[in-house]
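The values are calculated or read from the model by the stated rules, or taken from the named source; none is laboratory data. Quick caveat: nothing in here was measured; it's all calculated off a predicted structure. Heads up, the Cβs are rebuilt from the backbone with ideal geometry, glycines too, and the neighbour counts pull from every protein chain shown. These area figures cover heavy atoms from the full protein model, side chains too; ligands, DNA and RNA do not enter into them. Shrake-Rupley method; radii C 1.70, N 1.55, O 1.52, S 1.80 Å.
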Amino acid sequence: MIVKNLKLCNFRNYEDQKFEFDEKLNIIYGNNAQGKTNILEALYLFSLGKSNRAAHDTDVIKFGQNEAQLDIAFISKNREISGNIQLDLKKRKRIFINEIPVRKNSELLGNLNVVFFGPEYLSLIREGPKKRRKNIDITISQLRPHYLSAVSDYKKLNDQKSSILKCEKIDELLLSVIDDKMLQLSEYIIKMRYEYIKKIEKIAKNIQLDISGGKEVLSMNYISCGIRIGEEEIKNLVHIVRKKMIELRSRELKYRECIFGPHRDDIEFYINGNDLKLFGSQGQQKTAILVQKIAEVELFKNEIGEYPVLLLDDIMSELDSVRQDYVINKIDNMQIFITCTDSEKFKNLKSGKFLKIDKGRLLECTSI
């Protein structure tokens with residue numbers, strides 16, 4: 001996939017700006033708070049239909065304006081595709097692909113695939129499981145658009161169940177009906193997550209060995225229903241989930257909350273058999289997340305036959321010289337966007353494009 005150009009009107013701090021991109025490497029540089037990350041956010045918006053930074057669609061509209069518009073041209077599966085997003089303070093967001101309206105996000109997914117990696121991901125291993133679940137859900141949704149609908153439906157049922165549990169008089173019959181619906185969705189979500197983690201682990205192991213000079217073996221585990229999921233558990237998943245659901249019903253009634261289900265799942269990372277969260281150094285934890293992100297890129301290639309667009313937001317300064325070199329010199333078979341404040345570290349590049357951003361304007365654009 002290759003993004004050819006992007007036009008932003010009243011988006012964040014951009015009034016009216018068009019960008020033409022290199023098909024391989026794009027270095028977007030400038031001082032902090034000038035609008036570099038806003039470009040990546042716009043690309044992300046075209047991929048998943050929502051911002052990776054804003055809580056509400058209208059938050060990205062330039063201050064003092066009532067509406068914003070984004071236009072994009074990209075190549076996917078050898079087809080030229082155009083996209084348009086219209087945002088209005090008083091209307092619902094409108095998205096068009098090749099001038100055809102997109103009614104829901106699941107219809108948008110798969111047109112422009114991206115893998116985003118920013119500084120906030122470096123703490124993924126140390127923080128709670130919610131971010132780890134969200135990270136894998138984003139990738140699975142792009143590869144399997146139906147998955148997004150399943151996760152959304154599950155969340156609605158979980159919210160409904162939470163409301164029932166908080167009632168003074170609990171309708172246990174209705175609770176059982178909801179549990180049956182959640183059971184079906186849980187089985188699908190758990191299977192999709194497990195398959196994803198096993199595929200990522202296989203790719204990531206080789207990358208980790210390469211970066212560490214053959215010294216570190218990376219492994220990952222998926223924890224669901226309070227147990228480590230493997231092939232045997234997947235075969236008997238419905239039985240296991242239902243059994244746990246029944247076992248924990250009394251606790252849910254006692255504490256008046258949903259304490260069981262995919263919304264509580266987690267992912268574990270290990271290096272040479274040691275839990276990275278407990279025993280890994282900060283450098284090892286950062287490397288493992290970098291490796292996972294690179295593995296996600298390779299997974300897209302394996303699954304759909306082409307690479308996604310890789311978005312690296314101010315991440316190079318967080319990596320040591322070995323990891324920086326790996327990113328620049330070994331990940332060169334796809335389109336990459338890198339934001340940074342210092343472009344000097346890229347002065348020896350043989351090809352690419354440098355875009356200097358200043359106060360929401362493209363100040364300079366230089367091709368190598």
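General observations
- The residues on offer are 41, 20, and the sole one that is under 23 Å from the mean Cα position of the chain (by Cα) and in contact (Cβ under 8 Å) with a residue 24 or more places away in the chain is 41.
- Counting only strands (runs of 3 or more DSSP E) that fall entirely inside the stretch 76-152 and contain at least 1 residues that are modelled with pLDDT of 95 or more and surrounded by fewer than 19 Cβ atoms within 10 Å (Cβ to Cβ), the qualifying elements are 79-88, 91-97.
- Taking the criterion of being in contact with a strand residue (DSSP E or B) (Cβ under 8 Å, 6 or more places away or on another chain) and either open to solvent by 60 Å² or more (accessible area, probe 1.4 Å) or closer than 26 Å to residue 168 by Cα (or both), no residue of the stretch 239-261 qualifies.
- Output for the stretch 320-364, where each listed residue is open to solvent by less than 70 Å² (accessible area, probe 1.4 Å), farther than 15 Å from residue 23 by Cβ and either free of Cβ contacts under 8 Å to residues at least 24 places away in the same chain or in contact with a Lys or Arg (Cβ under 7 Å, 6 or more places away or on another chain) (or both): 324, 328, 339, 357
- Candidate set from the stretch 10-52 (those that are in a strand (DSSP E or B) and polar (S, T, N, Q)); member that is least open to solvent (accessible area, probe 1.4 Å): 26
- From 301, 330, 286, residue being farther than 17 Å from residue 270 by Cα and at pLDDT 80 or above: 301
- Flag for residue 173 being out of contact with any helix residue (DSSP H, G or I) (no Cβ under 9 Å at 6 or more places or on another chain) and aliphatic (A, V, I, L, M): yes
- Some residue of the stretch 185-201 being among the β-branched types (Val, Ile, Thr), open to solvent by less than 20 Å² (accessible area, probe 1.4 Å) and over 18 Å from residue 273 (Cα atoms): yes
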